[in-house]
Amino acid sequence: MALLKRLLRRLELEQRSHNVYIGGAGEGGVTADARLFGGLVAAQATMAALKTVPTFPLHSLHAYFLKPGRPANDIEFHVSSNKDGRNFAVRSVAAIQGGELIFQLQSSFQRPTPGLHHQPQMPKVPEPESLPNRDQLRGRQNWRDMPVDVRMITPITGLEPLPGAQQLWLGVNGDLPDDPHLHLALAVYASDRCLLDTAWRPHADQGELAGASLDHAMWFHEPPNFNDWLLYTTQSPAANAGRGLAFGQMFNRQGELVVSVAQEGMLRVRPSAPD
């Protein structure tokens, strides 16, 4: 719960000037190699864009991870207005840390409109409460305190090749306020979990993964609600030239497709340490 509270504080951006917001770094989104978790930067950039479009729901975002973020410095999110139309609004967000551009996001908002509807059927899977926690399976001692609780349906990636597909449940370790923007930002944060790992699974016997997200795209079909579990299904159709591609779909427990995700990332074998 403590790390969830810290993450929520990271998403409470401070407005420094017109369309410029400050997002704190530090605990709640730091990777094992002391870089900022890409999902945290993407979630903060999303919150910055949301603050400038109060009337239209966010329907898509497209982002590029340009440089590793560092946990020691805050990040400035500069929001630019690209379009303010009758039915659509578009915002660009530049994330700057230490004077360097580390992340860019383009987001599109649409006035709610009735229309046609279809979606894939949600897979039949075990309930999350009966499944093992991914961080516990990976030997992390503080797994109960992680902001996002990941429950594995498929086996976790180990040392043997596995199909490039995973099924898992995503939840949060605590109760959230009834703020749709916060739930949406947490869906962005959590969507970065396991995608690149899915592309690595067919090559797990090659050694340890040295990867990093390159770009990330999301489409929002229904408002996500993280006060209940979301089923996250991922698959990787291809890997080539040191890159891996993965797609994801999030369903709520009512069977509605909430979010679609796509990501390409660097996919390389970590060099062996010298003897």
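General observations
- Charge dipole (debye, nearest 20) of the chain; +1 at Cβ of Lys and Arg, -1 at Cβ of Asp and Glu: 380
- What the phi angles of segment 90-106 give under the Karplus curve with 6.51, -1.76 and 1.60, with θ = phi - 60°, is a coupling list of 10, 10, 10, 10, 10, 9, 10, 9, x, x, 10, 7, 10, 7, 10, 9, 10 Hz, glycine and proline written as x.
- Between Lys67 and Glu160, the FRET efficiency from the beta-carbon distance, with R0 = 45 Å, is close to 0.85.
- Sum of -39500 (n - 2.57) over DSSP H runs of 4+, divided by residues of the chain (222 nm, nearest 500): -4500 deg cm²/dmol
- Selected from Gly255, Gln44, Pro163, residue furthest toward positive end of dipole (the chain; charges at beta carbon): Gln44
- Convex hull of segment 130-268 built on C-alpha atoms - directionally averaged projected area, nm²: 8.3
- If the chain linking Ser60 and Ala2 were pulled fully straight, counting 0.36 nm for each residue of separation and taking away their Cα-Cα distance, it would gain 17.8 nm.
- Between the residues Pro223, Pro54, Cys194, the greatest Cα displacement towards the positive end of the dipole of the chain, with unit charges on the Cβ of Lys, Arg, Asp and Glu, is found for Pro54.
- Separation in nanometres of the label points that stand 7 Å from Cα toward Cβ, at Glu129 and Asp228: 1.4
- Which labelled figure in (i) 55, 45, 39; (ii) 48, 38, 35; (iii) 51, 44, 31 is Cα extents along the principal axes in Å, once derived from the coordinates: (i)
- Cβ-to-Cβ counts within 10 Å put Trp169, Trp229 in ascending order as Trp229, Trp169, the fewest first.
- Principal axis dimensions, segment 69-196 - Cα atoms, whole angstrom, descending: 47, 46, 34
- Exposure proxy ranking, count of Cβ atoms within 10 Å, fewest first, for Ile75, Ile156: Ile156, Ile75
- Most mobile of Met122, Met47, Met250 in a GNM of the chain (Cα contacts under 10 Å): Met122
- Each residue of segment 142-152 is assigned a 3J(HN,Hα), and the resulting list reads 9, 4, 5, 9, 5, x, 10, 8, 10, 10, 8 Hz, derived from the Karplus form 6.51 cos²θ - 1.76 cosθ + 1.60 (θ = phi - 60°), x at Gly and Pro.
- Rounded to the nearest Hz, the phi-derived 3J(HN,Hα) couplings of segment 189-196 under the Karplus curve 6.51 cos²θ - 1.76 cosθ + 1.60 (θ = phi - 60°) are 4, 6, 5, 7, 6, 6, 5, 5, where x marks glycine and proline.
Where a number appears in this text, it was derived from the coordinates with a stated rule and is not lab data. As the structure is a computational prediction, the values presented were derived from the model and not from experiment. Here Cβ is always computed from backbone atoms with ideal geometry, including for glycine, and neighbour counts include all displayed protein chains.
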